[in-house]
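Read the structure below first, then the notes.
Nothing in this text is a laboratory measurement; each read-out follows from the coordinates by a stated rule. Predicted, not measured: the structure shown is a model, and the values here were computed from it. Positions of Cβ are generated from backbone atoms using ideal geometry, with glycine treated the same way; all protein chains shown enter the neighbour counts.
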Amino acid sequence: MHVGIIGGTGHEGRALAARLASAGFDVLVGSRAIDRAQATVAELHAAHPVLLLRAATNRDVVSSCDVVFLSVAFAGAGEILDAHASSFRAGTLVIDVTVPLAFRDGVPTLLEVAEGSAAAFVRARLPREVRLAAAFKTIPASILGRLDSPLECDEFVCGESPEIVAETIALLSRVPTLRLVDAGGLEAAATLERMTALAVAINKRYRKRSARFRVVGI
Ligand SMILES: NC(=O)c1ccc[n+]([C@@H]2O[C@H](COP(=O)([O-])OP(=O)(O)OC[C@H]3O[C@@H](n4cnc5c(N)ncnc54)[C@H](OP(=O)(O)O)[C@@H]3O)[C@@H](O)[C@H]2O)c1
């Protein structure tokens, strides 16, 4: 199975790349520019020499991977999807990580998205034959990328069908110390994106970078 990350050079993308590779995935780190992807892979290999990571353009990620994480700044998501929509292979599983977060006077705020959530925005721009789930929206990059630290939290997965959610949970269950929680249909993404804004606000208030979620009682 080939796993790739659109926006693999960003804070979240590189953390995700490192965490997935440490869980045994062979990961393509994507960028709009191959030299930025190569620089990111070189940095990650300097810190973690054994990880299976390769540099790629976003186009290569889209056209060659079975599982594609979308981890770009939300402002760039529409442009990236419009540019590459026709290159996705039928049946590809896209896992949306984006959150439409902005800072107003230092306060983390969710941007209004006409479709209702970033995940719904992404769905509207993907070909029908591409399958969509959302995950890793509520884990901060600063925790995800620290491979010497256990995650010790839950991560929420939602998707456009129960089968897609189950497949995504099975896939991501290879990541140690992370419990995956079935959050239901894609409409749950709106709530998860708000939870991210809440976690960022908590981090600011407590001067931390590690706030994340754990559900009790299940
Ligand atoms: N950081 C976190 O802790 C965290 C946690 C959960 C979810 N998220 C979400 O995950 C996504 C990525 O977060 P991040 O912190 O990694 O963001 P980021 O560092 O700002 O951007 C990630 C990557 O997106 C690409 N990019 C930036 N502007 C773009 C544009 N206009 N068009 C196309 N690509 C563009 C860049 O890659 P290239 O220039 O190499 O193409 C960049 O390295 C965001 O939607 C964020 O809300 C972040």
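Counting neighbouring Cβ atoms within 10 Å and putting the fewest first, the residues Leu28, Leu51, Leu144 line up as Leu51, Leu144, Leu28.
Once you sort the root eigenvalues of the Cα gyration tensor of the stretch 1-141 as a ≥ b ≥ c, which label holds: rounded (a/c under 1.5), prolate (a/b larger than b/c) or oblate (the other case)? Oblate, since a/c reaches 1.5 and b/c is not below a/b. Between Glu43 and Glu163, the modelled labels are 4.0 nm apart [label points 7 Å from Cα along Cα→Cβ]. For the listed peptides 151-157, 101-107, 122-128, a ranking on the average number of other beta carbons within 10 Å per residue, highest first, reads 151-157, 122-128, 101-107.
When the helices in the chain are scored as -39500 (n - 2.57) per DSSP H run of 4 or longer and the sum is shared across all residues, what 222 nm value do you end up with, to the nearest 500 deg cm²/dmol? Calculated mean residue ellipticity at 222 nm is -11500 deg cm²/dmol.
For the stretch 1-76, the relative contact order comes to 43 percent (Cα pairs under 8 Å, sequence separation of at least 6). Rg and Dmax of the stretch 100-199, based on Cα coordinates, read 14.2, 41 Å. On full extension, the segment bounded by Ile218 and Arg128 gains 29.0 nm, given 0.36 nm per residue less the C-alpha separation. Maximal additional length on extending the Val181-Asp66 stretch stands at 39.2 nm, based on 0.36 nm per residue less the C-alpha distance.
In terms of other Cβ atoms within 10 Å, Asp35, Asp182 run from fewest to most in the order Asp35, Asp182. Which FRET efficiency value, to the nearest 0.05, is calculated for Ser210 and Asp105 with the Förster distance at 35 angstrom and r the Cβ-Cβ distance? Efficiency, rounded to the nearest 0.05: 0.90.
Would you please give the FRET efficiency between Arg194 and Arg174, computed as 1/(1 + (r/R0)^6) with r the Cβ-Cβ distance and R0 = 35 Å, to the nearest 0.05? Could the numbers behind the result be given before it?
Numbers: r = 28 Å, r/R0 = 0.80.
After rounding to 0.05, the efficiency reads 0.80.
Spread over its residues, the convex hull of the C-alpha atoms of the stretch 127-186 is 86 Å³ per residue.
Calculate the dipole size of the chain relative to its Cα centre from +1 charges on Lys and Arg beta carbons and -1 charges on Asp and Glu beta carbons; express the result in debye to the nearest 20. Charge dipole of the chain: 660 debye, to the nearest 20.
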